[in-house]
1. For a quick protection proxy, order the peptides 381-390, 27-36 by their average other-Cβ count within 10 Å, most packed first.
2. What percent do you get for the relative contact order of the range 175-246 when only Cα pairs under 8 Å and 6+ apart count?
3. For the range 1-159, what is Rg from Cα atoms divided by 2.2 N^0.38 Å, rounded to two decimals?
4. Leaving out ligands, DNA and RNA, and with a 1.4 Å probe, what % of the accessible surface on the range 115-170 is carbon or sulfur?
5. Per residue, how large is the accessible surface of the chain? Use a 1.4 angstrom probe and give square angstrom.
6. Given just the C-alpha atoms of the range 12-95, how large is their convex hull per residue in cubic angstrom?
7. Using the Karplus curve 6.51 cos²θ - 1.76 cosθ + 1.60 with θ = phi - 60°, work out ³J(HN,Hα) for each residue of the range 405-415 in order, rounded to whole Hz, and write x for Gly and Pro.
8. At a temperature of 37 °C and a viscosity of 0.692 mPa s, determine how fast the range 116-239 diffuses translationally according to Stokes-Einstein, using the Kirkwood radius over alpha-carbon pairs as Rh; express D in µm²/s, rounded to the nearest whole number.
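The values are calculated or read from the model by the stated rules, or taken from the named source; none is laboratory data. All figures in this text were calculated on a predicted structure; none of them were measured in a lab. We place every Cβ from the backbone using ideal geometry, glycine too, and count neighbours over all the protein chains shown. Side chains included, ligands, DNA and RNA excluded: accessible areas come from the protein's heavy atoms. Shrake-Rupley method; radii C 1.70, N 1.55, O 1.52, S 1.80 Å.
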Amino acid sequence: MSIETLEYDVIGLGFGPANLAIAVALEEDRRVREHGLRYCFLEKKPAFEWHGGMLLDDSRMQISFLKDLATLRNPASRYTFINYLHQKQRLEAFINISTFTPSRLEYNDYLGWAAAHFNDRVHYGEEVIGVEPVLEGGEISRVKVISRLADGRTRARITRNLVVSIGGEPLIPEVFRSLKGDRRVMHSSTYLERIQACHEPRRLAVIGSGQSAAEIFSDLCDRYPNAEVSMVMRSQALRPADDSPFVNEIFDPAYTDVVYGQAPAAREALIQANAQTNYSVVNLDLIESIYQRLYLQKVSGHAPHSLLPSRHIEAVEASEQGIRLALQGPQGREDHLFDAVVLATGYRRDGYKRLLESLQEHLREGVERDYRLCSQPHLSAGIYLQGCCEASHGLSDTLLSVLAIRSQEVVDALLDNRRHRQPTGVASACA
Ligand SMILES: Cc1cc2nc3c(=O)[nH]c(=O)nc-3n(C[C@H](O)[C@H](O)[C@H](O)COP(=O)(O)OP(=O)(O)OC[C@H]3O[C@@H](n4cnc5c(N)ncnc54)[C@H](O)[C@@H]3O)c2cc1C
């Protein structure tokens, strides 16, 4: 059988939490079985893992476990975190620890447990490298998805709908670009595997002032108590993430309508006003523990760990001696030499544009409320986008908060793939 005869109704690109939630919603939707929908997912990693490079022993979830893959949509689902605990015979013990925020290690185990139910639907070890239109009489009702296997072979599949949920790509500041490939400079996304390969480093730096930077700083201090560890950041102080209850309502699924319903400038203002819930902020407990750590150093007089706030990195140079950072700060210019540098500098979320390049001329600017990319009238194949719609759907789009509800919204749209459909009263963001 030619590989091109593999034809689907839905293909999901990536199998992180977003498309895992889609898999759960598809399985639980009676209509999907009735219509005999054919669907699969393509994931470039060899097995399911949720941000494996940052599965630090002490790390905790930044969100309630009740915002799991299913509870908000269907509390009776077998894919809830509570059912996972029950299956693992840890429900009572979990209750005894009185928390809404489990460790990330446990949450990764939960997601992996849920993902294992879909092993026959997921093709691991396949990186999607492109999506091409299938032109038939001037119409495009199907697209071809091309993926690359670990051994370099490529595979093609045809589908009527695509759900692109490929997450973010490491954001490398311009000043570090020339050091690509230098093993001593690593992004937080590969932190654990790369730091373990570092041989007895003496001087280490982490760049950034967000949650990952603070977690890595603490981890480096514990891992190498005698090394000099510096946290280099633009901001003047570590600031706490605002997770107070009124503010937290922006992560309620219903808030997506509020954001989407605004004009672009008002939307941007809303997102900016609430950025301190997610960007360049740190959990307050962690800030306090870092402060305490640095205070104890003052008491002992032995201070190998330090924050370098209000610093701008002017230049970076690699030599046999190490990685030299030229910093501009409150006291003028400083030079520091490090054996390794960790970039906790965040992610960019425009990788989907590269994958969809061949479809570009058939698409229009914008994304609809149901996460479908706006398209020219002759493109009826549905292209849905999750995790890259912060500008149109709000801050929860890159997070786990709305997974359970958003997955149902996308599944409803997939089952009802008609052209130019708009839910009543909901404006379209299509240009
Ligand atoms: C360290 C860390 C901790 C976090 N903690 C929280 C938290 O506590 N709460 C919260 O709400 N959010 C948290 N987040 C935000 C995070 O974005 C979400 O938790 C979640 O991972 C989003 O799921 P996703 O499926 O959209 O993206 P991802 O989890 O990034 O999954 C995308 C998947 O697509 C795959 N992929 C990418 N490109 C391709 C391709 N070309 N072909 C095939 N597969 C591809 C990737 O391998 C990956 O498995 C955290 C993020 C990080 C980095």
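1. Values: 381-390: 23.9, 27-36: 12.9.
Ranking the peptides 381-390, 27-36 by packing returns 381-390, 27-36.
2. Values: 54 pairs, mean separation 20.7, N = 72.
So the answer I get is 29 percent.
3. Details: Rg = 18.3 Å, N = 159, 2.2 N^0.38 = 15.1 Å.
Normalised Rg, Cα atoms only: 1.21.
4. Details: 1120 of 2520 Å².
Using a 1.4 Å probe with all protein chains present, the range 115-170 comes out at 44 percent carbon and sulfur.
5. Numbers: 20860 Å² over 431 residues.
Accessible area per residue, the chain: 48 Å².
6. Working: hull volume 10.9 nm³, N = 84.
Spelled out: Cα convex hull of the range 12-95, divided by residues, is 130 Å³.
7. Those phi angles translate into 7, 4, 4, 5, 4, 5, 4, 4, 5, 4, 6 Hz.
8. Numbers: Rh = 18.6 Å.
Here the translational diffusion coefficient equals 176 µm²/s.
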